[in-house]
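What follows is calculated from the coordinates using simple rules that are stated; it is not laboratory data. Just so it is clear, the structure is predicted and the values come from calculations on it, not from any experiment. Glycine gets a Cβ as well: all are built from the backbone with ideal geometry, and neighbour counts include every protein chain shown.
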Amino acid sequence: MHDFLQEIYFDFCLKNDMPKHPESSPFNGYLSADDLLHTNYQFTKSQVYWLKNYVRLWNILDNTWFDKSEEEGK
């Protein structure tokens, strides 16, 4: 599921010209949605709304996915 969310996020970043990690950074690609929300980058209201909902969805799926996996192992 996370691969699908990452693909959606990449598409959003590409279409909205989101900032990437600096070239000197050991990381490559776009900043995480959490990181973007804590930068001084100027977003539109719809971009902030999208990013916040993306983070919420990621967290919900992350918690649900791991809770079910743990229960299956018992």
Per the filter on the stretch 7-51, residues surrounded by fewer than 10 Cβ atoms within 10 Å (Cβ to Cβ), among the hydroxyl-bearing types (S, T, Y) and not in a helix (DSSP H, G or I) are S24, T44
Exactly one of N53, N16, N40 is of a type in the set (S, T, N, Q) and in contact with a Phe, Trp or Tyr (Cβ under 9 Å, 6 or more places away or on another chain), and that one is N16
All conditions in (1) more than 9 Å from the chain's Cα centre (by Cα); (2) in a helix (DSSP H, G or I) are true of Y54 except (1)
